[in-house]
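Scroll down for the structure; my scribbles are underneath it.
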Amino acid sequence: MTWRALARIALKTAILFILCNLIFVFTNGMTIVERLSLYNLVVPGRARLPYGENPAESYNLSLDSLPAMLASHTVARPKAADEYRVLLIGDSGIWGWRLTPDATLSAQLTARDLRSADGRRVVVYNLAYPIQALMKDALILDAALAHQPDLVVWFVTLDGFPLDKQTYPPLVARNAKGVRALIAQYELPIDPRDPAFVDAPGDLLARSIVGMRRPLADWLRLQLYGVSWALTGIDQAIAAEYAPLASDLDADPTWNAIAVPRPLTPSELAIPVLGMGEKLTRAAGGRMVIVNEPIHISRGANADVRYNSWYPRWAYDSYREGLERACGERAWTCLDLWDAVPADYFTDSPVHLSPDGTAILADALIPIMIPKG
Amino acid sequence: MSFDLSAIAVFAAAIGAYWLLPARTRGWALLIGGGATLFLLQPRLPIRFADFVLPTGAVMLTVAGWWWTRAPNQPATRQDVLAVAILAGTVLLLALNRYLPGSARLTPSRPPDMLTLVIGIGASTLALYGVWLLTRRMVSPMARIRPLLLLIVALFALLKTEVLAIAVAGAWRGLAGQDVTIASALDLNWLGFSYLAFRIIHTLIDRTSGILPSLSLHAYAAYALFPPSLVAGPIDRADRFVKDFDALPMLARFDADRFARGGARIAMGIFKKFVIADTLSFGLSLNAVNVDQAVGTGALWLLLYGYALRLFFDFSGYSDIAIGLGIWLGVKLPENFDRPYLRTTITAFWQSWHKSLGDWARFYVFSPLTRAILRRERKPSSAVIVGIGHLATMLTIGLWHGVTVNFAIWGLWQAAGLYAHKRWSDSTRRWYRKLSETPGRKRAWTLFAWAITFHYVALGWVWFALPDVGQSIRALGRLLGIGW
């Protein structure tokens with residue numbers, strides 16, 4: 001081996017490396033890669049969207065690529081002819097925090113082996129994702145509608161409504177382009193220049209393999225954790241111990257920095273985002289039901305001031321009234337299940353249900369899954 | 001700094017500077033590099049000053065190893081004095097990091113003050129020297145080296161036995177005025193001690209048998225503290241190393257072939273370790289948690305295969321990196337792995353898996369033990385001798401990983417495999433020769449032998465991967481479809 005030969009190898013390597021990067025840039029490689037998936041092909045699809053704060057224990061991770069997330073989900077499988085496809089959209093309560101995959105709402109509803117009015121098998125898909133924000137739900141819904149749902153059940157709760165928090169979830173902030181497109185198309189009252197948005201740099205380097213190394217690594221890790229998912233069926237590290245909900249509450253009536261009780265105004269809430277979701281679903285040939293998610297209703301000290309640690313009574317009651325009004329005015333199908341689950345069936349947050357609590361919620365949902373007539 | 005990609009990059013940069021030095025100073029640079037590497041790669045420890053004291057202890061053990069293994073009548077030369085001065089100077093210079101702010105420090109934490117350090121080194125040196133004085137007149141060469149040998153074995157036992165390590169860590173914490181209730185074996189995570197100990201033991205025993213060449217402290221310390229192999233081997237032999245070491249000044253400064261060969265090995269090692277092995281560590285290999293999470297027998301087998309592959313790629317990757325860095329430094333370290341999972345007998349597996357450790361154990365456990373038994377008046381049968389030899393060798397290798405029941409069982413498992421293979425091959429020699437006459441049957445047998453060997457080794461890894469006997473037995477049962 002001579003230095004000249006080494007220099008030739010180095011030069012060829014550099015040329016090959018630059019060429020690969022250029023091809024990646026000009027073919028928009030990331031959009032191709034993120035749609036490729038081992039899930040539903042080599043390993044079973046995930047029962048819920050990938051989300052993990054502790055990848056080593058949960059064999060799961062949080063990433064920003066919605067196409068990759070959806071490609072890893074069972075919803076990416078082709079729809080069977082006899083399938084009545086139901087998508088659940090919502091927060092961590094519906095995603096199934098502290099629940100094994102077989103105990104989530106979607107799993108329990110599918111296990112009931114329901115039939116639609118036209119006799120099709122009701123198969124329920126969990127497309128909920130932790131953190132409350134309607135815009136986050138709408139973003140997922142927009143991407144998921146390609147998977148031909150017959151019914152979308154959108155679980156909402158007050159903390160998902162504040163307009164000033166719609167861009168807070170990382171999934172929303174880091175999918176700025178898609179969110180801005182929805183804001184513009186549906187004239188949503190959300191500031192497209194919100195500083196929370198993380199804009200991807202548009203230069204060549206940023207779009208190359210080098211620039212995209214983080215999303216590529218996330219995509220690769222998602223595929224690798226697919227094998228662990230297949231071998232263990234685990235997608236969440238559920239600690240045996242947790243801090244149960246306090247039944248005695250502070251007398252503080254503050255909600256979302258509003259300290260003095262007053263009626264919430266429509267301009268404070270992201271009702272238009274719900275409207276966008278309804279329009280999107282209808283345009284995709286599906287039906288939407290909006291469900292006010294069950295919350296923990298405390299019976300302890302100061303229960304006359306607050307329902308739970310999240311919600312003072314005044315704010316939550318005002319929200320329920322506003323939601324009911326919006327549903328009535330816009331002829332949306334809505335279901336208010338706020339008090340459908342007794343307090344004992346909640347775990348570590350006012351919307352996180354135990355397996356039995358989830359079963360109660362599933363029973364309450366059956367009428368909308370199989371509407372008569 | 002741990003032995004990660006950034007450490008490899010620092011090594012590579014340092015090696016670049018090494019070749020710019022005058023040729024005659026290369027050996028000295030290796031000596032300084034070895035001493036400094038002990039401190040720079042040493043992980044930060046929670047006991048005050050422990051991460052400085054332990055590397056200092058390693059330097060002292062190295063010097064003691066040389067002192068004890070000097071050839072009879074070998075005087076200390078000016079070069080040896082210079083080597084002591086360089087090693088001491090390296091330690092003391094690094095101790096000056098005490099006066100630097102945390103972000104600028106090269107040592108893992110703040111070193112002790114100079115006076116304490118000098119008193120500590122002085123007292124330890126006097127103690128070791130006193131022991132040497134007491135034993136130097138002994139007739140038996142083994143008796144002369146025994147104190148240092150015992151010290152090293154005792155340190156091994158202490159570090160590898162959790163109860164003892166916790167007790168010592170607790171006592172040390174007490175002396176340092178720290179919380180003794182949170183003492184842990186990890187408090188004594190002494191980087192490089194294992195491989196340093198193997199090298200010193202090799203030189204001590206080879207001195208007693210007279211095959212160790214006469215070594216200057218300069219060469220001995222460069223061998224014992226050779227930076228690339230400090231963390232994970234391979235375990236070189238001093239007589240082989242010194243040939244490369246002596247040739248260092250003669251090597252061409254800019255050698256494209258050396259650069260290419262070393263670079264290729266390092267690249268291969270990085271790929272094995274940081275791509276394949278680290279990928280398999282993403283829950284794709286057996287561990288104490290996922291063993292109870294596997295959804296069925298097939299899943300458990302896949303996790304076990306993942307573990308077997310991860311172990312190989314991790315360890316052989318590190319070996320490749322060490323060998324590559326060695327080539328860059330002008331030293332050809334011994335090969336450590338030679339396609340072990342493709343072997344068709346467990347004996348061949350152990351001749352190709354961690355070869356340098358296998359050779360070490362054969363030289364310093366198996367051979368002396370079997371020779372000692374053969375010297376007895378009433379000799380057991382050769383089968384028993386071989387059995388005892390394998391048992392002692394594999395138990396030593398097992399317990400080197402940690403003094404636990406599982407590692408002991410793993411050693412027994414390997415010894416049983418080696419013994420069974422020896423008995424089988426002795427009794428089927430004629431049959432095997434006949435088999436060669438029918439190539440088709442021989443191929444089928446080879447395939448079968450490979451499958452048996454690989455799965456025997458893989459099942460043995462269950463004991464290695466899991467920390468507890470009950471869990472290991474449950475896992476083995478489940479791998480066989482029992483206990484779901």
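With the structure loaded, tell me whether A:LEU88 is modelled with pLDDT of 95 or more, under 30 Å from A:ILE370 (Cα atoms) and in contact with a Leu (Cβ under 9 Å, 6 or more places away or on another chain) or whether it fails that test. Here the answer is yes, as A:LEU88 does meet what is asked. Within the range B:328-342, if we keep just the residues that are more than 14 Å from chain A (Cβ to nearest Cβ) and of a type in the set (Phe, Trp, Tyr), the residue that is surrounded by the fewest Cβ atoms within 10 Å (Cβ to Cβ) turns out to be B:TYR341.
Across the range B:280-312, the qualifying residues are those that are more than 7 Å from chain A (Cβ to nearest Cβ) and of a type in the set (Gly, Ala, Ser), and the one among them that is farthest from A:SER58 (Cα to Cα) is B:ALA308. Of the residues examined, A:GLU293 is one that is closer than 25 Å to A:ALA128 by Cα, crowded, with 20+ Cβ neighbours inside 10 Å and among the acidic types (Asp, Glu). Checked against the criterion of being assigned to a helix (DSSP H, G or I), more than 18 Å from the chain's Cα centre (by Cα) and more than 14 Å from chain B (Cβ to nearest Cβ), the candidates A:THR31, A:THR13 yield just one match: A:THR31.
Can B:ALA252 be described as assigned to a loop (DSSP other than H, G, I, E, B), without any contact (Cβ under 8 Å) to a residue 24 or more places away in the chain and within 13 Å of another protein chain (Cβ to nearest Cβ)?
yes
The conditions of being more than 21 Å from B:ALA238 (Cβ to Cβ), in a helix (DSSP H, G or I) and either within 14 Å of chain A (Cβ to nearest Cβ) or at pLDDT 95 or above (or both) are not met by B:LEU325. The one condition from (1) more than 9 Å from chain A (Cβ to nearest Cβ); (2) not in a helix (DSSP H, G or I) that B:ARG265 does not meet is (2). Summed over the range B:377-432, residues that are assigned to a helix (DSSP H, G or I) and either of a type in the set (A, V, I, L, M, F, W, C) or at positive phi (or both) total 25. The set of residues in the range B:148-167 being crowded, with 16+ Cβ neighbours inside 10 Å and of a type in the set (Gly, Ala, Ser) consists of B:ALA165 alone.
Residue-by-condition table, conditions (1) part of a loop (DSSP other than H, G, I, E, B); (2) under 30 Å from B:LEU284 (Cα atoms); (3) within 14 Å of chain B (Cβ to nearest Cβ):
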residue: A:GLY178; (1), (2), (3): no, no, no
residue: A:ILE183; (1), (2), (3): no, no, no
residue: A:GLU187; (1), (2), (3): yes, no, no
residue: A:GLY202; (1), (2), (3): yes, no, no
residue: A:ALA240; (1), (2), (3): yes, yes, yes
residue: A:ALA243; (1), (2), (3): yes, no, no
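Selection within the range B:69-78: residues that are polar (S, T, N, Q) and more than 24 Å from B:ALA197 (Cα to Cα). The member of this set that is surrounded by the most Cβ atoms within 10 Å (Cβ to Cβ) is B:THR77. On the basis of being within 18 Å of B:TYR129 (Cα to Cα), part of a helix (DSSP H, G or I) and in the same structural domain as B:ILE205 (by TED's automatic domain parsing), does B:VAL84 make the cut? In short, yes.
Does B:LEU191 satisfy the condition of being over 19 Å from the mean Cα position of the chain (by Cα) and either among the acidic types (Asp, Glu) or not in a helix (DSSP H, G or I) (or both)? No; evaluated as a whole, the condition is false for this residue. None of B:LEU248, B:LEU196, B:LEU284, B:LEU225 is over 20 Å from the mean Cα position of the chain (by Cα), of a type outside the set (Lys, Arg) and surrounded by 21 or more Cβ atoms within 10 Å (Cβ to Cβ) except B:LEU284. Among the residues making up the range A:49-88, those that are more than 14 Å from every other protein chain (Cβ to nearest Cβ), surrounded by fewer than 23 Cβ atoms within 10 Å (Cβ to Cβ) and free of Cβ contacts under 8 Å to residues at least 40 places away in the same chain are A:GLU53, A:ARG77, A:PRO78, A:ALA81, A:ASP82. Residues that are away from every other protein chain (no Cβ under 14 Å), under 19 Å from the mean Cα position of the chain (by Cα) and in a loop (DSSP other than H, G, I, E, B) within the range A:34-48 comprise A:GLU34, A:ARG35, A:GLY45, listed in sequence order.
For the range A:189-200, filtered to residues that are exposed (fewer than 12 other Cβ atoms within 10 Å of the Cβ) and charged (D, E, K, R), the residue that is nearest to the other protein chains (Cβ to nearest Cβ) is A:ASP199. Candidates B:PHE274, B:PHE259, B:PHE245, B:PHE241: the one that is within 24 Å of B:ALA23 (Cβ to Cβ) and within 13 Å of chain A (Cβ to nearest Cβ) is B:PHE259.
For B:VAL231, the test of being surrounded by fewer than 23 Cβ atoms within 10 Å (Cβ to Cβ), β-branched (Val, Ile, Thr) and in the same structural domain as B:TRP190 (by TED's automatic domain parsing) is passed.
Considering the range B:6-25 alone, what residues qualify as being exposed (fewer than 12 other Cβ atoms within 10 Å of the Cβ) and not in a loop (DSSP other than H, G, I, E, B)?
Hits for the range B:6-25 are B:SER6, B:ALA9, B:ALA13, B:GLY16, B:ALA17, B:ARG24.
Say we look at the range B:429-484 and pick out the residues that are in contact (Cβ under 8 Å) with a residue 60 or more places away in the chain and over 36 Å from the mean Cα position of the chain (by Cα); which of these is farthest from B:ASP292 (Cα to Cα)? For the range B:429-484, the residue satisfying everything is B:GLY481. Considering only residues of the range A:204-221 that are in a helix (DSSP H, G or I) and touching a residue at least 60 places away in the same chain (Cβ under 8 Å), which is farthest from the other protein chains (Cβ to nearest Cβ)? Only one residue fits best here, namely A:LEU204.
Under the condition of being of a type in the set (Lys, Arg), under 23 Å from B:SER229 (Cα atoms) and not in a loop (DSSP other than H, G, I, E, B), the residues counted in the range B:27-81 number 0.
The values are calculated or read from the model by the stated rules, or taken from the named source; none is laboratory data. The model shown is predicted, which means the values in this text are computed figures rather than measured ones. Don't worry about glycine lacking a Cβ; one is built from the backbone with ideal geometry, like all the others, and counts go over all protein chains shown.
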